[in-house]
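To start, the structure itself, in structure tokens.
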Amino acid sequence: MTRIELKVDGATVSDDVEPRMLLVQYLREKLGKTGTVIGCDTSNCGACTVHLDGRSVKSCNVLAVQADGAEVTTIEGLATDGELHPVQAAFHECHALQCGFCTPGMIMQSVDLLKDNPNPSEAEIRVGIEGNLCRCTGYHNIVKAVQTAAGQKTEA
Amino acid sequence: MTATQDAPTTEPRLEIGRDRRRKEDQRLITGRTKWTDNIQINGMLHLAMVRSPFAHAKITNIDVSEAKASRNVVDVLTGADLAETQGVLINAWPITPDQVTPTHLPVPADRVSFAGEIVAVVVARSQAEARDAAELVDVDYEELPAALDLKEAAADTVLAHPDLGTNKSALWKFDSAEAGTGGDVEEAISKAREGGVVIEREFRQQRLIPAFMEPRSTVVDPTGEQLTMWSATQIPHILRFALAATTGMPESKIRVIAPDVGGGFGGKLQTTPEEWITVAVARRTGKPVKFTETRSESLMSAHHGRDQWQKLTLAAEKDGTVTGLKVELLADLGSYVSLVGGGVPVLGAFMFNAIYKFPAYHFACQTVLTNKTWTDAYRGAGRPEATFGIERIMDELALELGVDPLEVREKNWIKAEEFPFTTVAGLEYDSGNYEAATAKAKEMFGYDELRAEQKQRRESGDKVQLGIGVSTFTEMCGLAPSRVLGSLDYGAGGWEHASVRMLATGKVEIVTGASAHGQGHETAFSQIVADRLGVPFEDVEVLHGDTQVAAKGLDTYGSRSLVVGGEALVKATDKVVEKAKPVAAHLLEANVEDIEFKAGSFGVRGTDAAVSIQDVAGAVFVAHNLPDGMEPSLDSDATYDPINFNYPHGTHLCAMEVDTETGQVKMRKYTCVDDIGNVINPLIVEGQVHGGLVQGIAQALWEEAVYDDSGTLVSASFVDYLVPTAADTINYDVGHNTTPSLTNTLGTKGVGEAGTIASTPAVVNSVLDAIRQFGVKDIQMPCTPERVWKAIQDGTAGATEDTVGAAAAHFDPATDGEGQSQRHDGNSSEGAGQ
Ligand code: FES
Ligand code: FES
């Protein structure tokens, strides 16, 4: 067991964890941050995407001990004072989710994408979220949501 | 309580047809979701499954001692330990009375019949410890020869279940001459051989994996009077019934909850070994138990879909009028006949004739057992396979005749003025307008311009060629009239149930037996009820997915929720209004006959007196002043059994660029104009179409469950099973042409499966259309760059060894072993090359 201390969605937390525990398991099982989900075991689906010190990571690909001292933001910490983050609002507005299982990861990835590139082209968006799988939406409306969050005009 | 209002001067805005943003989004975008795997209960135990690495083997010994001794392991159970207590998995649709059906135990004790089958279960205090210990279970197998190839299995060369004596499970037939719905297909074919056109093709429907994003998960809590099961399922009600029927527990002691479910697409239309095992262990230990699968386990052992060989013979006159269609299918069931199993290809039986007026039709499907993962419904279930077959062969006919593929379709399709139309498969299509949908699609797509560009590229020998693919599809959805299901020997009905509860505060709670997993029922059903009761959209709450709340239901599949579940809701809502009328009359001191209900208000004809439905609900709640003898409740139930299916249709057009040097395909444009009847929420509909399209396109271009020679699934992770990403896909042009359905009050048709059903043939047709000039006749799906490149290179059938066989259908001696279409018009026999 290793003692870690980190900040998750603004709150400081500290736990003894097994060295092999994944960050996503830590978030879900120890902290109850079940908004972040697990969709695969090969780091392909992106469902587990969170921000680690401000950058998007697949939290199934990071050990909990690696997050020691870091700041983690999950989907549950994205809205501030009850106000949806613009990307969250755009996903709702553009109907960019159906079952919603990919949505937390997809939103966290999109936020990071827009941070790097506030005005991405459609192709840049598509490549930027390539590591996140969605089986429901066909991506059409997800791309539109990212464009909308970026303040771009979109056609139907 | 009586209120007098001015009669409304303006019509309130209707909810139906509005692009309401979804109610369910709020929790999903903020992570306040209840997935089954989120559930933690004090003292909960976790399971890990030990699975067979072999496709077919005898279990000779299982040594669990080391696993049992490891840290925090509570028990390790084998099939022998679980024995009778585990129950059995059922097949709800024996398609023939003499269907050969192997017994399907959750954990077999003596023999495994596919790689991934469970042989032992580790029960531990944590998931990690359970998984660690599963590695320590030592199983000795004696490998048996495995039936892997579908055609070889159909010949019974190797038996998937030796004790059954055959791999042939059932042969299901439909013949229009026998059924009295049309002529004799053999006659049509012989006639066409004399002086018409006969097209014979064999197509492969590769095996697919539904690949819902949320892995399956089950939690069972045996404490309390009822055993409670949470499961990532599409079918909580059917699950409860099957559990009761096979474990001896009374149905009333089982509560099944489908909380938030992360996609299904048919893949969660199943009763699974893992669910049965979780129940058995929970009952055995008296503790709450959880099992959540890994993605690899999911891809390997959650059911697969499609997997058919399709032999099609199309007879036509020289002017392109089709005179008959004969379909012979081989369908791979995998190692067991699962819940719907063999019924899936049978659903296709009604759809091969599609939108066309074929005078003669014969369909035969042989279902076959193999040593692979069992197959069952995957989005479209039987109908995409059928649509693929017919829309591919209609293209071949057009090619043979040298006419535009849309022209040959139009020559044969049912004209708008011919509805209602009874098809050669015996279904009555209520409404549709194929001309209008096609005209609109062509215009949106820029059909003529793209054809011109294609010609120009061809003439200039451009290294990037352009292909245009067509698919004019229809489907039957809204499963299903119970009598029809009965006539097909399906083990249940096709009705749906709804309840409407008027709360004291004037809010409305509705309960539906349909169980959503991403479809947006909360929103769409709220819109329907808001209009019919004249209450605000926000005031309607939709409850579902818990057998203790929604006591009756038949769940969500077959594009049925809106057209069957929605209709039940309409009927229950109308009953509420009828119950409220005498109360309103009483409160308004008027005659019931004079009461009119409009926009949420009961008025007295010819006066201004009115009372709102909310006030009536309040009056009924307090029950202080009701008509004599009136029951103090407005709540109403309705169970609706559909009278017919409904038949959405559409025209899909795909423009594909093919790099002839690399075989790379690039979708340039995709346009569809669907007729799904009246639309409740256009935003939700569009989303359903987009998602459906991509799944169909993925079958054409990327996805396949591939097994190696020893029966191991090679594509058992998202590294190898190519679910498309955002970078693989494009934006789609989605349009509508509306002819309301006549089989339900709202005039709606199903939409959940349309995109998937229609898109696959449009895409494959587009790829072929781009490279036909190289002599390419067929490419087996998925049309990978390698296959496309090979097809271009060898100029004939190309594209992998499998495909060579597939392209040239040498199954009729009448084609002189050439296996391609022949036109017997006195000219030398020509293959369908150009
Ligand atoms: S869970 Fe799939 S990438 Fe992390
Ligand atoms: S919304 Fe279901 S996987 Fe993306």
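Peptides A:8-18, B:221-231, A:61-71 ranked from most to least packed, by the mean per-residue count of other Cβ atoms within 10 Å: B:221-231, A:61-71, A:8-18. Calculated [222 nm] ellipticity per residue, helices only, for chain B: -8500 deg cm²/dmol; basis is -39500 (n - 2.57) per DSSP H run with n ≥ 4, divided by all residues, nearest 500. Each Lys or Arg adds one and each Asp or Glu subtracts one; over the other residues with Cβ under 15 Å from the Cβ of B:GLU66, this totals -4. Of the beta bridges in the protein assembly as shown, as assigned by DSSP with both residues counted there, near 80 percent are antiparallel. The packing ranking, built from the mean of other Cβ atoms within 10 Å per residue, places the peptides B:497-508, B:455-466, B:63-74 in the order B:497-508, B:63-74, B:455-466, highest first.
What does the charge count near B:ALA282 come to, summing +1 for each Lys or Arg and -1 for each Asp or Glu among other residues with Cβ under 14 Å from its Cβ? For residues surrounding B:ALA282, the net value is +2.
Below 11 angstrom from the Cβ of A:ASP15, what's the summed charge of the other residues (Lys, Arg +1; Asp, Glu -1)? Summing Lys/Arg as +1 and Asp/Glu as -1 gives -3. Among the listed pairs B:LYS253/B:LYS571; B:LYS151/B:LYS191; B:LYS34/B:LYS552; B:LYS168/B:LYS311; A:LYS144/B:LYS669; B:LYS311/B:LYS411, a Cα-Cα separation exceeding 19 Å is found for B:LYS253/B:LYS571; B:LYS151/B:LYS191; B:LYS34/B:LYS552; B:LYS311/B:LYS411.
Classified by the C-alpha gyration tensor, the protein assembly as shown has a rounded form. Its axis ratio a/c, with a ≥ b ≥ c, is below 1.5. Cα centroid separation, the range B:211-227 to the range B:119-196: 29 Å.
Laboratory data are not the source of any read-out in this text; all were calculated from the coordinates shown. Remember, it's a predicted structure, so these values are computed and weren't measured experimentally. We place every Cβ from the backbone using ideal geometry, glycine too, and count neighbours over all the protein chains shown.
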